[in-house]
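Following: one structure in structure tokens, then a few remarks.
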Amino acid sequence: MLDMLTDRCSTMCLLVNLALLYPRATLLFQLSMSLDVASHWLHLHSSVVRGSESHKMIDLSGNPVLRIYYTSRPALFTLCAGNELFYCLLYLFNFSEGPLVGSVGLFRMGLWITAPIALLKSLISVIHLITAARNMAALDAADRAKKK
């Protein structure tokens, strides 16, 4: 849980700085922060309520996207690292294009490569949020049925 908390805090700090550097995109950075925190918190909370030993232990018969995300270390690493690299490159790009690779700056090239990864990571966060909300609703319904 501590690793998840430090990941969320460090990403939020970077996104706040990006919002200052790119004021026209502030709303997008705020939405990204909100989605990241809400999806991870609700996913963690639903895991704890279900009695799971780890938020990374998921029902393998559940969502196929989350199954791949949590069972394939290369996929998990690529998405997490690519997402963070996108934000880091966006920060660096504000100050410089980076060294030229052919006629294109390295930071610009990196942004084009990592942008789809960051978008996919955001889509997975939406899936996390929806799946966790459904899990919590099912747990709540089962709990209410027991009380009747």
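How far is the Cα center of the stretch 59-101 from the Cα center of the stretch 1-32, in Å?
15
Go ahead and run the numbers for FRET between Thr26 and Leu100, Cβ-Cβ distance against an R0 of 35 Å, rounding to 0.05.
Between Thr26 and Leu100 the formula returns 0.70.
Between Trp41 and Arg108, what is the label-point separation in nm under the 7 Å Cα-to-beta-carbon projection?
Spacing of the two 7 Å Cα→Cβ label points: 3.9 nm.
Helix by helix through the chain, keep the DSSP H runs that span 20 Å or more along the axis on Cα and average at least -0.5 on Kyte-Doolittle, and give those back in order.
TM-like helix candidates: 2-21, 26-49, 73-93, 106-147.
Which label belongs to the value computed from this structure, given these candidates for mean projected area of the Cα convex hull in nm²: [x] 27.5; [y] 12.2; [z] 10.5?
[z]
Charges at C-beta only: +1 for Lys and Arg, -1 for Asp and Glu. How large is the resulting dipole of the chain about its Cα centre, in Debye rounded to 20?
I would put it at about 520 debye.
Kirkwood Rh and Cα-based Rg: tell me the resulting Rg over Rh for the stretch 96-148, rounded to two decimals.
Here the Rg-to-Rh quotient is 1.51.
Order by neighbour count: Arg24, Arg134, Arg108, fewest other Cβ atoms within 10 Å first, most last.
Least to most surrounded, the residues fall as Arg24, Arg134, Arg108.
Picking from Thr114, Thr71, Thr131, which is most flexible by a Gaussian network model of the chain using Cα springs under 10 Å?
Maximum fluctuation in the GNM of the chain, among the listed residues, is at Thr71.
Each value in this text was obtained by applying a stated rule to the coordinates, not by laboratory testing. Bear in mind the structure is a predicted one, so any value in this text is a computation, not a measurement. When we count neighbours, we look across all protein chains shown, and the Cβ atoms used for this are built from the backbone with ideal geometry, even at glycine.
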